[in-house]
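One structure below.
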Amino acid sequence: MNIKDFKTLFTKALANTYPKTEIDSFFFLLMDEYLKLKRIDITLNPDFKIGDDKILILNEALTRLKAEEPIQYIFGHAEFYGYPFLVDQNTLIPRPETEELVEWILNEVKSLEQDKPLNILEIGTGTGCIPISLAKNLPNTSIYSIDVSKDALKIAKKNAALNKVNVHFIEADILQTETLPKKFDIIVSNPPYVRELEKAEIQNNVLQNEPHLALFVSDKKPLIFYDKIADLAKWNLTKNGLLFFEINQYLGKETVELLEEKGFTSIELRKDFSKNDRMIKATSN
Ligand code: GLN
């Protein structure tokens, strides 16, 4: 089958599931992933014949897309902050808003202008996208990362090796943790924060595929992780140490208030590229 005919078939098969722009973008991602063909190659060679072995692989991907499986799980990898990350159903797919949080941390570290090595703790490893991206950009730094999921940590360790950085991974439930290995200059977390009541807003492909353990919190205690992590940070951050959070867009005010109550200062709430309240920086004293 040639590319043009496959594209027609592909577009028709997904027409009831996704908007046309998304189908097009899936198609070009697939061509790149499995045939190493860029958009321009396809435009120039619409009659390029796809081999039968590749058609088999493409059809399998098509079936999974039709079942609303995220394309990153189909490929088994995603990109975050310009680095490759393996992903599977035990890890959340890294989000672009989290890249903005990493960017913020890196800018803050730059403006600290101190040459002593920093100690950073990250909570809720997932793929390891936050600690690994920080490690890539802060080579003179000791980075620890905690996750409750053994299966997520398996992937994160592979990702650290893939990106050739060293991160100290720890398997632990943060809600049950009372002591940390040392004092940290920076603590950062993107914990579960989507309330059960927000489930209706969550897209099918997320809801049916991504780990609920990494996403959801109860409606009654939506800030349970923030409360616990802020308490730990109070005792385990160095003087003027920084606490960074990715947050629920609807709970910006509540999260700021929680940090104020616990005595953090210079609290800054920032929006993401979609103009939603999405991240917070606070200082310990
Ligand atoms: N931003 C993610 C989402 O909307 C949620 C991440 C999280 O709960 N930490 O799917």
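The values are calculated or read from the model by the stated rules, or taken from the named source; none is laboratory data. Every value quoted in this text rests on a predicted model; they were computed, and no experiment measured them. All Cβ positions, glycine included, derive from the backbone under ideal geometry; neighbour counts span all protein chains shown. We work out accessible area using only protein heavy atoms, side chains counted, and drop any ligands, DNA or RNA first. Shrake-Rupley method; radii C 1.70, N 1.55, O 1.52, S 1.80 Å.
The figures follow:
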{"item": "Total formal charge among the other residues, if their Cβ is under 15 angstrom from that of Ser133, Lys/Arg +1 and Asp/Glu -1", "result": "-4"}
{"item": "3J(HN,Hα) from dihedral phi, the stretch 204-209, Karplus parametrisation 6.51/-1.76/1.60, rounded to Hz, x for glycine, proline", "result": "3, 5, 6, 4, 8, 10"}
{"item": "Sequence ranges 39-47, 1-9, 135-143, 198-206, ranked by mean other-Cβ count within 10 angstrom, highest first", "result": "135-143, 1-9, 198-206, 39-47"}
{"item": "Amide N of the stretch 133-167 lying under 13 Å from the label point, which is placed 7 angstrom from the Cα of Asp173 along Cα→Cβ", "result": "148-150"}
{"item": "Two-decimal Rg/Rh across the stretch 133-245, once Rg and the Kirkwood Rh are taken from alpha-carbon atoms", "result": "0.99"}
{"item": "Bins of 5 Å from zero: percent of alpha-carbon pairs in the stretch 1-144", "result": "2, 8, 16, 17, 14, 11, 9, 9, 7, 5, 3, 1"}
{"item": "The stretch 119-190, accessible area per residue, ligands and nucleic acids excluded (1.4 Å, Å²)", "result": "41 Å²"}
{"item": "The stretch 49-154: GluC sites (Glu not before Pro) in DSSP coil with no more than 12 other Cβ atoms inside 10 Å", "result": "Glu113"}
{"item": "Computed label-point distance, nm, for sites Gln89 and Lys253 using a 7 Å Cα→Cβ extension", "result": "4.0 nm"}
{"item": "Fully extended contour minus Cα-Cα distance, from Asp24 to Leu9, at 0.36 nm per residue", "result": "4.2 nm"}
{"item": "Accessible surface, the stretch 2-111, averaged per residue in Å² (probe 1.4 Å)", "result": "53 Å²"}
{"item": "Solvent-accessible area, 1.4 Å probe, carbon plus sulfur percent, for the stretch 138-285", "result": "51 percent"}
{"item": "The chain: relative contact order in percent, alpha carbon pairs under 8 Å with at least 6 residues between", "result": "14 percent"}
{"item": "Long-range amide H partners of Ile123 with built H, under 5 Å", "result": "Ile146, Val188, Ser189, Asn190"}
{"item": "Loop-located chymotrypsin sites (Phe, Trp or Tyr not before Pro) in the stretch 197-285, at most 10 other Cβ atoms within 10 Å (DSSP)", "result": "Phe273"}
